[in-house]
Amino acid sequence: MKSRALVKIPSSRFACGLTTKSLGRPDPHQVAVQHRRYVEALQRTGLEVLVLEPDEHPDSCFVEDLALILDSRVVLTRPRHPARAAEQQAIRDALAEALPNFPLVEIEAPGYLEGGDVLRMGDRWFVGCSHRTNDQGFEQLAAILLEDGQRCFQVKVPDVLHLKTGVTAVGRDTVLALPPLVESFRKFGLRVVEVSEAESHAVNVVAVGSRIVMPSGYPGVRQAVAALGLEPQEVELSEFQKQDGGATCLSILLP
Ligand code: CIR
């Protein structure tokens, strides 16, 4: 059961980060405001939010990519881009403090693995094979999880940054997914709610019990979430979208 979230205040250099989008330059004031509202939305779900101070690394608020929390261990991932690898010491230190009894395991070269490519559904972990996560990263994670009796499945990522740019969980056995991922997740026996390409940014949501933190401005996804009996918590995330980020990227959920 997750009861806390770790987040990091965006760097003053946020606009210099990596992006594949051409949505314009993020506005520093809006970045700060949207991040604060995101923290408040997490708090409304009942999570205690641990907030790390900003640093000089432009993408360091996208903490999800840097670590995975297993049931009793932490996996430190291995980001593909050197600029992102530089963010990791701060997260290592924060997790050592927040989870002092969780030993740390590391993904090693030549493996690459980013948290945005990892979707957990109970004892099954789906790992995207993307530009950021390679076969060796997947195999190392699969071996680590096998020690805990958990299974790992590799999923081909369509033309998006990470697996979770295209599919996220909204319950124990239900996901929101973009059209190219719908069939593969149905084949895994999951209930799949299809999200249109027009609302693709809102496929990436944070589910905390029945509360779903999602970007505002996507009525189709909001209605689909409500129709599942869940409670949307909308927050404007347009400045993070400009840098290829969504709702899950901005936090790591902790027990
Ligand atoms: C990057 O390209 O690494 C960042 N600008 C965005 C990372 C988004 N993270 C995520 O989807 N988990």
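The values are calculated or read from the model by the stated rules, or taken from the named source; none is laboratory data. Computed from a predicted structure; not experimentally measured. FYI the Cβ positions are ideal-geometry reconstructions off the backbone, even for glycines, and counts take in every protein chain you see. With ligands, DNA and RNA removed, areas are computed over all heavy atoms of the protein, side chains included. Shrake-Rupley method; radii C 1.70, N 1.55, O 1.52, S 1.80 Å.
Among the residues of the stretch 145-154, is any buried (at least 20 other Cβ atoms within 10 Å of the Cβ) and within 15 Å of the ligand (Cβ to nearest atom)?
No, the stretch 145-154 contains no residue that is buried (at least 20 other Cβ atoms within 10 Å of the Cβ) and within 15 Å of the ligand (Cβ to nearest atom).
Going through the stretch 2-41 one residue at a time, which ones are assigned to a loop (DSSP other than H, G, I, E, B) and either of a type in the set (Asp, Glu) or on the phi > 0 side of the Ramachandran plot (or both)?
Gly24, Asp27
Between residues in the stretch 232-251 that are more than 16 Å from Pro28 (Cβ to Cβ) and open to solvent by 30 Å² or more (accessible area, probe 1.4 Å) and residues that are modelled with pLDDT under 95 and within 11 Å of the ligand (Cβ to nearest atom), which pairs lie under 6 Å by C-beta distance while being six or more apart or on different chains?
none
Please indicate, with yes or no, whether at least one residue in the stretch 209-216 is touching a residue at least 12 places away in the same chain (Cβ under 8 Å), within 14 Å of the ligand (Cβ to nearest atom) and under 23 Å from Arg36 (Cβ atoms).
Yes: one or more hits.
State which residue pairs qualify: first residue under 19 Å from Thr168 (Cβ atoms) and inside the stretch 61-79, second residue of a type in the set (Phe, Trp, Tyr) and part of a strand (DSSP E or B) in any location, beta carbons under 9 Å apart, and separation of 6 or more residues or different chains.
Leu68/Trp125
Within the stretch 32-81, track down each residue that is basic (Lys, Arg) and away from the ligand (no atom under 16 Å from the Cβ).
Those that are basic (Lys, Arg) and away from the ligand (no atom under 16 Å from the Cβ): Arg36, Arg37, Arg44, Arg73.
For the stretch 82-97, which positions are charged (D, E, K, R) and within 13 Å of the ligand (Cβ to nearest atom)?
Listed by number, the residues that qualify are Arg84, Glu87.
Which one of these does Ala202 not meet: (1) over 23 Å from Pro79 (Cβ atoms); (2) of a type in the set (A, V, I, L, M, F, W, C); (3) in contact with a strand residue (DSSP E or B) (Cβ under 8 Å, 6 or more places away or on another chain); (4) surrounded by fewer than 20 Cβ atoms within 10 Å (Cβ to Cβ)?
(4)
Which residue pairs have Cβ atoms closer than 6 Å, lie 6 or more positions apart in sequence or on different chains, and pair a first residue in the stretch 98-120 that is more than 16 Å from the ligand (Cβ to nearest atom) with a second residue that is of a type in the set (Val, Ile, Thr) and part of a helix (DSSP H, G or I)?
Val105/Ile144
So His131 clears everything in (1) in contact (Cβ under 8 Å) with a residue 40 or more places away in the chain; (2) open to solvent by less than 70 Å² (accessible area, probe 1.4 Å) except one condition, right? Which one?
Looking at each condition in turn, His131 falls short on (2).
Of all the strands (runs of 3 or more DSSP E) wholly in the stretch 187-255, which have at least 2 residues that are over 17 Å from the mean Cα position of the chain (by Cα)?
Passing ranges, in order: 191-194, 231-235.
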